[in-house]
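Visitor: After the structure tokens below, expect a handful of questions from me.
The values are calculated or read from the model by the stated rules, or taken from the named source; none is laboratory data. Being a predicted model, the structure only gives us computed values, none of them experimental. We place every Cβ from the backbone using ideal geometry, glycine too, and count neighbours over all the protein chains shown. Heavy atoms of the whole protein, side chains included, go into the accessibility calculation; ligands, DNA and RNA do not. Shrake-Rupley method; radii C 1.70, N 1.55, O 1.52, S 1.80 Å.
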Amino acid sequence: LYEARPEIARADFISDKNLGIVREGMREAVLVGSARRLADLPVAVAGKTGTAQSGTANSHAWFASFAPYKDPSIVLVILVEHGGEGSQAAAPVAQEVYEWYFGAY
């Protein structure tokens, strides 16, 4: 396990207002959108599901997220090659990681 130390690469390039809108949208994806499966976790998660073209029949599935919503301590980006939909392939992996990380087992 590697614990990264915070490092600010560039500051003040996104307004607080716009960043707040993005954060709220990511939280809504968990509450009522494509990542609803994470809404029942013991910690508030915010995230975004997606797909990326792979050049084959199945797209790559991805899910980017952070938790807890109000004061994040973990960021996850899950990519499942040729997994299809992010909500079906990548979000369940993130759910398992969050359950482990926050002790829901």
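Visitor: Across region 74-105, which residue is farthest from Ser34 (Cα to Cα) among those that are among the charged types (D, E, K, R) and open to solvent by 60 Å² or more (accessible area, probe 1.4 Å)?
Guide: Narrowing region 74-105 to residues among the charged types (D, E, K, R): 81, 85, 96, 99.
This time we only want the ones that are open to solvent by 60 Å² or more (accessible area, probe 1.4 Å), so: 81, 85, 96.
Working: Glu81: 19, Glu85: 10, Glu96: 17 Å.
So the residue we want is Glu81.
Residues are listed down the side, and each one gets a yes or a no for (1) under 20 Å from Gly103 (Cα atoms); (2) within 15 Å of the chain's Cα centre (by Cα):
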| residue | (1), (2) |
| --- | --- |
| Leu1 | yes, no |
| Arg10 | no, no |
| Ser15 | no, no |
| Val22 | no, yes |
| Gly25 | no, yes |
| Leu31 | no, yes |
| Ser34 | no, yes |
| Leu38 | yes, yes |
| Ala44 | yes, yes |
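Visitor: Out of the residues in region 45-62 that are aliphatic (A, V, I, L, M) and surrounded by fewer than 17 Cβ atoms within 10 Å (Cβ to Cβ), which is farthest from Leu76 (Cα to Cα)?
Guide: Let us first name the residues in region 45-62 that are aliphatic (A, V, I, L, M), namely 45-46, 52, 57, 61.
Filter once more, keeping what is surrounded by fewer than 17 Cβ atoms within 10 Å (Cβ to Cβ): 52, 57.
Values: Ala52: 17, Ala57: 26 Å.
Result: Ala57.
Visitor: Name the single residue that is nearest to Met26 (Cα to Cα) among those in region 80-102 being in contact with a helix residue (DSSP H, G or I) (Cβ under 7 Å, 6 or more places away or on another chain) and not in a helix (DSSP H, G or I).
Guide: Within region 80-102, the match that is nearest to Met26 (Cα to Cα) is Val80.
Visitor: If you don't mind, another one. Take Tyr2 and decide whether it is modelled with pLDDT of 95 or more, out of contact with any Gly (no Cβ under 9 Å at 6 or more places or on another chain) and of a type outside the set (Lys, Arg).
Guide: Judged against the criteria, Tyr2 is not a match.
Visitor: Ok, one more. Might you let me know whether region 66-73 holds any residue that is open to solvent by 80 Å² or more (accessible area, probe 1.4 Å), closer than 18 Å to Glu24 by Cβ, of a type in the set (Lys, Arg) and not in a loop (DSSP other than H, G, I, E, B)?
Guide: No, region 66-73 has no match at all.
Visitor: Here is a further query. Name the residues in region 1-37 that are among the charged types (D, E, K, R) and in a loop (DSSP other than H, G, I, E, B), would you?
Guide: Glu3, Arg5, Glu7, Arg10, Asp12 - these are the residues of region 1-37 that are among the charged types (D, E, K, R) and in a loop (DSSP other than H, G, I, E, B).
Visitor: Do you know which residues across region 1-44 are of a type in the set (D, E, K, R), touching a residue at least 24 places away in the same chain (Cβ under 8 Å) and open to solvent by less than 100 Å² (accessible area, probe 1.4 Å)?
Guide: Across region 1-44, the qualifying residues are Arg23, Arg27.
Visitor: Which of (1) within 13 Å of the chain's Cα centre (by Cα); (2) at pLDDT below 95; (3) among the hydroxyl-bearing types (Ser, Thr, Tyr) is the odd one out, the single condition Tyr98 does not satisfy?
Guide: Of the numbered conditions (1) within 13 Å of the chain's Cα centre (by Cα); (2) at pLDDT below 95; (3) among the hydroxyl-bearing types (Ser, Thr, Tyr), the odd one out for Tyr98 is (2).
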